[in-house]
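Student: There's a structure below that I have some questions on.
What follows draws every value from the coordinates through simple rules; no lab data is involved. Small disclaimer: the values here were computed from a predicted structure and weren't measured. Please note: Cβ atoms are built from the backbone with ideal geometry, for glycine as well, and neighbour counts cover all protein chains shown.
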Amino acid sequence: MFVRVALDHPLPTLFDYRGEPSTQLAPGMLVQVPFGKRHVVGLVCEVTAHSDVPPERLRDAGALCAACPPLSAEWLALAAFAADYYQRGLGEVALPALPQALRDASRWARLFAPEERYRLTPAGRSALPDALPARASALRRLADALAAAESIEAAEARAIHPKAIATLAAWQADGWAERQVIDAAAARDLPRLANTELPDPLPIQRPTLTAEQAQAVDAIGAADSFAPFLLHGVTGSGKTEVYLHALSALLDARPDAQALVLVPEINLTPQFEAAFRARFAALPDDAIVTLHSGLAEGERARNWFAAHLGQARIVLGTRLAVLASLPKLALIVVDEEHDPAYKQQEGLRYSARDLAVWRAKQLEIPVVLGSATPSLESWWQADQGRYKRLTLARRAVADAALPAVRLIDLEEERRRGRASLEGLSGPLVAALKGRLERGEQSLVFLNRRGYAPALSCDACGWVAGCPRCSAYVVLHKPERALRCHHCGWEARIPRSCPECGNVDIAPLGRGTQRVEEALATAVPGARVLRIDADSTRRKGSAQALFSDVHAGEVDILVGTQMIAKGHDFQRVSLVGVLNADTALFSHDFRASERLFAQLMQVSGRAGRAGLPGEVLVQTRYPRHALYHALGRHDYVGFANSTLAERRDAHLPPFVYQALLRAEGRTLEAALAFLQQAAAALAGISAAERVTVYDAVPMTIVKVANVHRAQLLLESASRQALQATLRAWQPALRALKGVLRWSVEVDPLDI
Ligand code: ADP
Ligand code: ZN
Ligand code: ZN
């Protein structure tokens, strides 16, 4: 008997091993196998009676992971689809999707091992402290640890004192301690409620659904096979409530059904988790679990198992959760489906939203894609009737109107000689002061972190650049550093210009730190809080900062897109937008779609609880069509006109794209590789329906001393593009001369 095993290895093949016929090998099981000089964990994909590998080269498969029930055929098919579609090996997709503890066979034994714990009896609690010899400090620490906790694990005790178990046995004999063995079955009950603090869920009671919400919930509930819904609801229209009702209907109707809810950012999970726990209070704690990269490894493994074993009824997670094993999956929700964060930008470059739709199709279940600003891809699917559109046109809270949008013409301000302070215009400062007086909150949005995007010398024109990248370095004032946002290179801020010695070097442009500083001067007395990737680096800090905002301990919140997404800020009545113009003239054809979505999202934070909301956008181009659409809250108009432009220009979603990227020691090497790769397309018949563009350097051509270039492939036929990419792989693998290359399907940044 033979097994064909997927390994986390770039070769896109399965590896054959001899299997012991007595072991019950089946697809979906994890098995330890020898690979070269190492032992690695593989996923059994097939069990067969013969192998094409010559017998003398076949090696024996090792132990199976008994603690992990096999992954289902559906899950294997999902991994196989993702591998095929994104042009990777099956093992490269499947194994990284599993918890770390499963990918290391040395840890299997402990996965569900019986747990041995000790605790003090009441007699022990009173007698022990006096019974210990004065100088027995290790024993005292052991006794203290036992006294401090309900019980401790054998391993913990051993860590305190190597002979702890013998001591505990003696104390047991004296009637001072008790030993508890929690058997494997109970230890299986791995998931435990994460003891993170959750924000207070809002609101406490169930609101009555609006007519639009009720219609959406009914439509989702009525679906009994594959049904993709595009839930287009303006900000504050109560999309969350629609998800909650749809989940509730499903969980009530089917006691074993599971649901997957995806959110674009880790920071949005606590708010959803709190809402789910409050609404589904009758479910056991471990029926609602989260999956994201911010979890500790053990917790992530526990939660993964809860999903895999069917105990978790609701799995709430970021993009990686789309690859979770969910044997009873019956509903998928993708909130803020337009968000670029659903696209993984390294390794397996997949779109979690697209995989979610594929998964729903595979399982013949409904999938709800929710957004106030759907991606043009999804909008176009709905236009064609492939997705069913559900519309929430009004805000859910009575008298919470959409905010009024006002454009502040920066040119006009300048012409009229009106003062602006560090990039904050007069009208914006006045509005911020007004909010402060009324005790309302404001939010200032700027999509650039750091103090200033560059540091320059007026005298000679020097600009601080990264020695390893073709990019300027960002000035970080609180950290007193220059930092490269591309490779992480860091240096102290120089005192003078390294080129000419001028001491008058100055920051160029503005980032969130500089705006934070300016706000403190411009709006005296305001409590200003900055939220961006720098201020939230420590685990849990973002949540603490957001809690401060919810608790009303902040007057002005300044930040990047982190503050724009999904948060239900009740007391924000003003949103100021700085520096948005740069995206208007980007070479990236998706820049305006992204900007529009960001501005709609951030505007949507204003006026949610009935306070009249206002949005002030500082711009040099107040007549730009994008700002006009924003002012009218006209997503539909914007989407339709942008789609028409895309159609004329033959851009996605009207064509399908793929990129071949190459990284070389020199730009010439990278370009030469791509040119050879392009030449290799000549022999592929499907490539006749594919347009191949010239190989070009990437916008930031050098990162960390590596030169990068790319080749764009495009086709009106997804099948032709897929067939081309597949047939191309052997030729690509045979090419040499670069450090790395990769294929990306449906790239977002080109
Ligand atoms: P969205 O995600 O669409 O921006 P949310 O789901 O955050 O909107 O809801 C916005 C606010 O409206 C929340 O405070 C929510 O509690 C409230 N809400 C939702 N549905 C209703 C309803 N039917 N009646 C009253 N309030 C509602
Ligand atoms: Zn200089
Ligand atoms: Zn760099």
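Student: What are the GluC sites (Glu not before Pro) within segment 398-428 that DSSP puts in a loop, where the Cβ has at most 16 other Cβ atoms within 10 Å?
Tutor: Of the GluC sites (Glu not before Pro), the ones in loops of segment 398-428 whose Cβ has at most 16 other Cβ atoms within 10 Å are Glu422.
Student: What does the convex hull of the alpha-carbon atoms of segment 532-634 project to on average, in nm²?
Tutor: Averaging across all directions leaves 7.3 nm² for the Cα convex hull.
Student: Find, among the trypsin sites (Lys or Arg not before Pro) in segment 683-750, those assigned to loop by DSSP (not H, G, I, E, B) with at most 12 other beta-carbon atoms within 10 angstrom.
Tutor: The qualifying sites are Lys736.
Student: Tally the DSSP beta bridges in the chain and give the antiparallel ones as a percent, rounded to 5.
Tutor: Once the DSSP bridges in the chain are tallied, antiparallel ones form about 55 percent.
Student: Same structure again: Under 8 Å for C-alpha pairs, at least 6 residues apart: give me the relative contact order for segment 656-745, rounded to a whole percent.
Tutor: 48
Student: Calculate the length of the line joining the C-alpha centroid of segment 330-377 to that of segment 111-177, in whole Å.
Tutor: Result: 51 Å between the Cα centres.
Student: For segment 399-416 and segment 607-653, compute the distance between their C-alpha centroids and round to whole Å.
Tutor: 14
Student: Now a separate question. Once fully extended, how much extra length lies between Ala533 and Ala609, figured as 0.36 nm per residue of separation less the alpha-carbon to alpha-carbon distance?
Tutor: My answer for the length gained is 24.6 nm.
Student: Rounded to a whole number of µm²/s, how large is the Stokes-Einstein D of the chain at 4 °C and 1.567 mPa s, given Rh as the Kirkwood radius over C-alpha pairs?
Tutor: In µm²/s, the coefficient rounds to 44.
Student: Whole Å is fine, so just give me how far the alpha carbon centre of segment 245-271 lies from that of segment 26-66.
Tutor: Here the answer is 37 Å between Cα centres.
Student: Also: Mind grabbing the base-10 log of I(q)/I(0) for segment 211-392 at q = 0.15, 0.20 Å⁻¹? Debye formula, identical points on the C-alpha positions, no solvent, two decimal places.
Tutor: With one equal scatterer per Cα and no solvent, log10 I(q)/I(0) is -0.81, -1.54.
Student: Something else: Below 8 Å, C-alpha to C-alpha, sequence gap of six or more: please give me the relative contact order for the chain in percent.
Tutor: 10
Student: Tally Lys/Arg at +1 and Asp/Glu at -1 over every other residue whose Cβ is under 15 Å from the Cβ of Gly607; what's the total?
Tutor: +4
Student: Could you sort the peptides 298-311, 366-379 by per-residue average Cβ neighbour count (10 Å cutoff), highest mean leading?
Tutor: Order by mean packing, descending: 366-379, 298-311.
Student: For segment 211-392, what relative contact order do you get, as a whole percent, if you take Cα pairs closer than 8 Å and at least 6 residues apart?
Tutor: Once divided by the residue count of segment 211-392, the mean separation gives 36 percent.
Student: Now a separate question. Modelled label-to-label distance, Ala625 and Arg406, 7 Å Cα→beta-carbon offset: nm?
Tutor: Each label point is offset 7 Å from its Cα along the Cβ direction, giving 2.8 nm.
Student: Taking 25 Å as the cut-off for C-alpha to C-alpha distance, list the pairs among Lys702/Lys736; Lys361/Lys388; Lys239/Lys433; Lys343/Lys565; Lys37/Lys702; Lys565/Lys702 that go past it.
Tutor: Over 25 Å Cα-Cα: Lys239/Lys433; Lys37/Lys702; Lys565/Lys702.
Student: Classify segment 2-111 from the C-alpha gyration tensor, please: rounded if a/c falls under 1.5, else prolate or oblate depending on whether a/b exceeds b/c.
Tutor: rounded
Student: Bin all alpha-carbon pair distances of segment 656-745 at 5 Å intervals from 0 and give each bin's fraction as a whole percent.
Tutor: Reading upward from the zero bin: 3, 16, 27, 25, 16, 9, 3, 0.
Student: Normalised by the empirical 2.2 N^0.38 Å for globular proteins, what value does the Cα Rg of segment 406-555 take?
Tutor: Against the compact-globule rule of thumb, the ratio is 1.19.
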